[in-house]
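For reference, the structure is listed below as structure tokens.
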Amino acid sequence: MTTSPEPEPELRERLVAAVQRLDALGLNRGSSGNVSARGALDRSGFWITPTGMGAEGLSAADLAWVALDDGAVLGEWQPSSEWPFHRAIYRARADLQAVVHVHSVHATALACQRRELPAFHYMVAVAGGDNVPCTPYHLFGSEELSSAVAAAFADRNACLMANHGLIAAGTDLDHALKVAIEVEALCQSYLATLSSGAPVLLTKHEMAQVIEKFRSYGKARRRR
Ligand SMILES: [Zn+2]
């Protein structure tokens, strides 16, 4: 039987703030999409938004807890029906601590064409490689979808899901949000580019240079 996790009120408040930010940015509307964060003190599970609840009125007490090993649920409300792919990502990648899933307009438009986001712009490297892949179509909440998502996250921090939307993950909630916001903006640019012709793609070498530069990006504080 799953025991109660550490309450971690701060982490849960940050999760609620992340949901509200996605709503304010227009990346999620109504109760579509969901956000989760791995327990920081108790890493045996994760906090996730409840099913059927939007950003409005959501509080830290509404979040559900899902155990990583057997998927057992604790909390007053049922977790989002899409919790299985959150679990699959945390099980596949110990370094990822937060997962953001949205049905944002432009990422979803590309996903409905079952197209990946290629290396048309150097910022595609924000997802950790030279593309953002698109998984095959599977029913939401299904084990098949979870397996496809876990495979996509083996070496990426984001993927599109065919006829569905976008998932982004990060080393904390801010990182996962940043990846989601950036990939949605890139999908918008890519669709605009496609409307006026075929983009010139960056080469593997050019993208490898960007990925290398991102590794040290933001760490070089200037001396005063
Ligand atoms: Zn969804």
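The values are calculated or read from the model by the stated rules, or taken from the named source; none is laboratory data. Here the structure is a predicted model, which is why all the values come from computation and not from measurement. Methodologically, a virtual Cβ is constructed for each residue, glycine included, from the backbone with ideal geometry; neighbour enumeration extends over all protein chains shown.
Miscellaneous remarks
For every residue, the table says whether it meets (1) buried (at least 18 other Cβ atoms within 10 Å of the Cβ); (2) without any contact (Cβ under 8 Å) to a residue 40 or more places away in the chain.
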site	(1), (2)
GLY128	no, no
LEU139	no, yes
SER142	no, no
SER146	yes, no
VAL149	yes, no
ALA154	no, no
LEU160	yes, no
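- Pairs meeting the criteria (first residue in segment 22-34 and exposed (fewer than 14 other Cβ atoms within 10 Å of the Cβ), second residue at pLDDT below 95 and assigned to a loop (DSSP other than H, G, I, E, B), beta carbons under 6 Å, at least 6 apart or on different chains) are GLY30/GLY54.
- Only listed residue being in a loop (DSSP other than H, G, I, E, B) and within 15 Å of the ligand (Cβ to nearest atom), chosen from LEU27, LEU41, LEU58: LEU27
- Residue match in segment 65-84 (condition: away from the ligand (no atom under 14 Å from the Cβ) and assigned to a helix (DSSP H, G or I)): no
- Residue-level analysis places LEU63 among those that are buried (at least 16 other Cβ atoms within 10 Å of the Cβ) and either in contact with a Lys or Arg (Cβ under 8 Å, 6 or more places away or on another chain) or among the β-branched types (Val, Ile, Thr) (or both).
- Of the criteria (1) more than 16 Å from ARG38 (Cβ to Cβ); (2) in contact (Cβ under 8 Å) with a residue 60 or more places away in the chain, which one GLN97 fails: (1)
- Filter result for GLY170 (surrounded by fewer than 17 Cβ atoms within 10 Å (Cβ to Cβ) and small (Gly, Ala, Ser)): no
- The set of residues in segment 108-152 being more than 20 Å from ASN163 (Cα to Cα) and over 14 Å from the mean Cα position of the chain (by Cα) consists of ALA119, PHE120, HIS121, TYR122, MET123, VAL124, ALA125, GLY129, ASP130.
- Top-ranked residue in segment 97-120 [being surrounded by 19 or more Cβ atoms within 10 Å (Cβ to Cβ) and assigned to a loop (DSSP other than H, G, I, E, B); ranked as farthest from the ligand (Cβ to nearest atom)]: ALA119
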